[in-house]
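The values are calculated or read from the model by the stated rules, or taken from the named source; none is laboratory data. This structure is a prediction, so every number in the text was calculated from the model and none was measured. Neighbour counts are summed over all protein chains in view; Cβ atoms, including those assigned to glycine, are modelled from backbone coordinates with ideal geometry. Just so you know, the surface numbers come from the protein's heavy atoms only, side chains and all, with ligands and any DNA or RNA stripped out. Shrake-Rupley method; radii C 1.70, N 1.55, O 1.52, S 1.80 Å.
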Amino acid sequence: MRTITKILIANRGEIALRVMRTCRAMGIATVAVYSEADADAPFVRFADEAVCIGPAPARESYLVVNHLLDAARRTGADAVHPGYGFLSENAAFAEAVTEAGLVFIGPSAEVIAKLGSKQAAKRIAEAAGVPVVPGYHGDDQSELDARAREIGYPVLIKASAGGGGKGMRIVRADAELADALDRARGEARSAFGDGTLLLERYVERPRHIEIQILGDAHGNVVHLWERECSIQRRHQKVVEESPSPGVTDELRARMGRAAVALGKAVGYVGAGTVEFITDPEGRFYFLEVNTRLQVEHPVTELCTGLDLVREQIRVARGEPLGYDAAPPQRGWAIEVRLCAEDPDREYLPTTGTFTAVDVPDTIRADLGIAAGSEVGIHYDSMLGKLIAHAPTRVDAARVLRRALALTWIPGVVTNREQLARILAHPAFLAGELDTHFLDRHAGELAARPPGLDKLRVAAIAATLAGIATRRAAEPAPLAGPAWRNVFVADQQVRWKLGDTDVEIGYRPSGKGFAPRGPDRERRGEDLGAVRGRAHHARRGAAVPARRGARRRRWPARPDAGQGGQGARARGPAGARRRRAGRPRGDEDGAHRARPDGRRRRQDPRHRRPAGRGRRGAGDHGQRGRACVIMASATVE
């Protein structure tokens, strides 16, 4: 039995946080490694210790084995958890960790090497009696043309050394074959350093089903049921769930036995995933083995009650599993991957800074971001996962869809809205899934332009927030936002959403927008919450920042005379007198009418201080004064 007291997590983001939480619950210290770009990331702050291992590019930090091992030595870590991605399925890294006297939390380097090659893995699967897709996975690459014609079209070209859709091509006619082989080989060589290809018969409308396995060093291997991962874009999973709505009890049992047989054939130790595809007739075929923890492992955890990271650590210490079968499945779990990408622009990655991260507590949120987190260009676009668990599939979909609607993560464009649309789609709710789901329903899942009322509300809210921000920028500006010499003219602001322009015209009046009082107390509403309470205003309507705002009297000027009441002509009372036809300033004589009807020039003692305009000429920026934004919205 090996002792593990401190674990270095050779990864970043949400998976690093996920592993650290279980370590903390087990009383194990954690070490984070981070690049310069991740210095302020949540996983770095959460760890007990953190070591910078290089610049932002992964090839200069997270993929440098020597930097990782040096960090382990400096901090006294006795084990390394690879997470997923980066070096998690790199046999050379696993071997280097072991040779450094550390515990690698995962299968042995030998097993990773055997199963890391799709060619070798298919041979092992065939020898273990596991069904494989008819195809060619031999070493002689000169036979690919002839073998493709022998298999029959459509045929799928795959890179032997990698995954994630790289080096993958579907060929439907002989005329396409030569070009597809060249492109796939070049892409595989560039991505994985190995241009070896294999061929498979392409299965139309397949479902992607995977089986979670767990093995210990005592020869025990069990499966922990299946996960449905059919909803994908560009061969990257988007939605995962357990159990699968397309797997019968009989098929589930056969696939589970096949996965366990493959694990025992290689002496698998740790957590791994055996991936299959099924055709519309219910036949299943082996795809590959992922020798690491999967992104979608939380759905298995919620349905079995097991903590897979805890099980990994137990197995790495040499403990036996303690069970020879999976716990019964409990309810239904659905997971969606939240990514910084724009589905309406062909899933282009997006960048920016999150100004808030607010997720309802009705779901499990494995996120690697917080308010203030910056999304750059150096790493994968996945921000984390949102997972719901409920007694039934319909309930789980409803809970997760509602949570997505309430999730508030401004600052970066994400796929959040598309995920909610997927969960609400009739085909999803009916369980009619395959790996072409997103392509087939692209038109129905596309974003709909918001209605004009929503655009106007958003534009008015953004304008109000901008005013409040500018007011707070300086302690006492001479003239606040929207100050104009011609006070009857609107200040114009133009907002743009896609190809739609929204123009806001606004001007102040004396009815109640007061961001701060003279005592610096916050008097205006927190405009960050305006999204829930803003309303559509037509031209001339008042848009108060706070309902029921008290009308504030204008402060008397210090030179206004005895009692300090002489300057009230500019305030609300003065306005009432002007409406009644009474001359302005008849209280203090500043503008008394002469017998010939002309007005006297204002006494210099009563002139307004520099920077003050007419009442209503701007939102003033005076801490004690009040105004209302008069907003109108026009859409071009």
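Go through segment 166-189 and give me each residue that's surrounded by 15 or more Cβ atoms within 10 Å (Cβ to Cβ) and in a loop (DSSP other than H, G, I, E, B).
Kept after step one, since they are surrounded by 15 or more Cβ atoms within 10 Å (Cβ to Cβ), are these residues of segment 166-189: 166-169, 171, 176-177, 180-181, 184-185, 187-189.
Correct list: 166, 167, 168.
Taking segment 54-76 on its own, how many of its residues are open to solvent by 10 Å² or more (accessible area, probe 1.4 Å) and among the hydrophobic types (A, V, I, L, M, F, W, C)?
Pass one, segment 54-76, residues open to solvent by 10 Å² or more (accessible area, probe 1.4 Å): 54-60, 63-67, 69-70, 73-76.
So of that shortlist, the ones also among the hydrophobic types (A, V, I, L, M, F, W, C) come out as 56, 58, 63-65, 69.
The qualifying residues number 6.
Is it the case, given these coordinates, that residue 126 is surrounded by 17 or more Cβ atoms within 10 Å (Cβ to Cβ) and of a type in the set (Asp, Glu)?
Answer is no for this residue.
Do any helices (runs of 4 or more DSSP H) entirely within segment 242-360 hold 1 or more residues that are at pLDDT 95 or above, open to solvent by less than 20 Å² (accessible area, probe 1.4 Å) and hydroxyl-bearing (Ser, Thr, Tyr), and if so, which? Step through it out loud before you land on a result.
Numbers: elements: 249-266, 297-304, 308-316.
Counting at least 1 such residues, we get 297-304.
Got a sec? Which of 200, 228, 210 is touching a Cys at 6+ places or on another chain (Cβ under 9 Å), under 26 Å from residue 135 (Cβ atoms) and either touching a residue at least 24 places away in the same chain (Cβ under 8 Å) or not in a helix (DSSP H, G or I) (or both)?
Working: 200 fails: touching a Cys at 6+ places or on another chain (Cβ under 9 Å); 228 fails: touching a Cys at 6+ places or on another chain (Cβ under 9 Å).
The conditions single out 210.
Being at pLDDT below 85, open to solvent by less than 50 Å² (accessible area, probe 1.4 Å) and not in a helix (DSSP H, G or I) is the filter here, so list the residues in segment 432-481 that pass it.
447, 451, 477, 479, 480, 481 - these are the residues of segment 432-481 that are at pLDDT below 85, open to solvent by less than 50 Å² (accessible area, probe 1.4 Å) and not in a helix (DSSP H, G or I).
Look through 387, 422 and report the one residue that is modelled with pLDDT of 95 or more, crowded, with 20+ Cβ neighbours inside 10 Å and within 26 Å of residue 498 (Cα to Cα).
Details: 387 fails: within 26 Å of residue 498 (Cα to Cα).
Being modelled with pLDDT of 95 or more, crowded, with 20+ Cβ neighbours inside 10 Å and within 26 Å of residue 498 (Cα to Cα) holds for just one of 387, 422, which is 422.
In segment 413-430, how many are in contact with an Asp or Glu (Cβ under 9 Å, 6 or more places away or on another chain) and in contact (Cβ under 8 Å) with a residue 24 or more places away in the chain? First the steps, then the outcome.
Keep residues of segment 413-430 that are in contact with an Asp or Glu (Cβ under 9 Å, 6 or more places away or on another chain), which gives 413-415, 418, 421, 425-427.
Still in the list and also in contact (Cβ under 8 Å) with a residue 24 or more places away in the chain: 413-415, 418, 421.
Adding up the residues that qualify gives 5.
When you check residue 401 against the structure, is it touching a residue at least 12 places away in the same chain (Cβ under 8 Å), under 19 Å from the mean Cα position of the chain (by Cα) and open to solvent by 40 Å² or more (accessible area, probe 1.4 Å), yes or no? Can you show your working first?
Working: touching a residue at least 12 places away in the same chain (Cβ under 8 Å): yes; under 19 Å from the mean Cα position of the chain (by Cα): yes; open to solvent by 40 Å² or more (accessible area, probe 1.4 Å): yes.
In short, yes.
Counting only residues that are in a loop (DSSP other than H, G, I, E, B) and either surrounded by fewer than 24 Cβ atoms within 10 Å (Cβ to Cβ) or under 20 Å from the mean Cα position of the chain (by Cα) (or both), how many does segment 1-35 have? Walk me through how you get there before you give the answer.
Quick first cut of segment 1-35, residues in a loop (DSSP other than H, G, I, E, B) only: 1-5, 10-12, 26-28.
After this cut, where a residue has to be either surrounded by fewer than 24 Cβ atoms within 10 Å (Cβ to Cβ) or under 20 Å from the mean Cα position of the chain (by Cα) (or both) as well, the list is 1-5, 11-12, 26-28.
Result for segment 1-35: 10.
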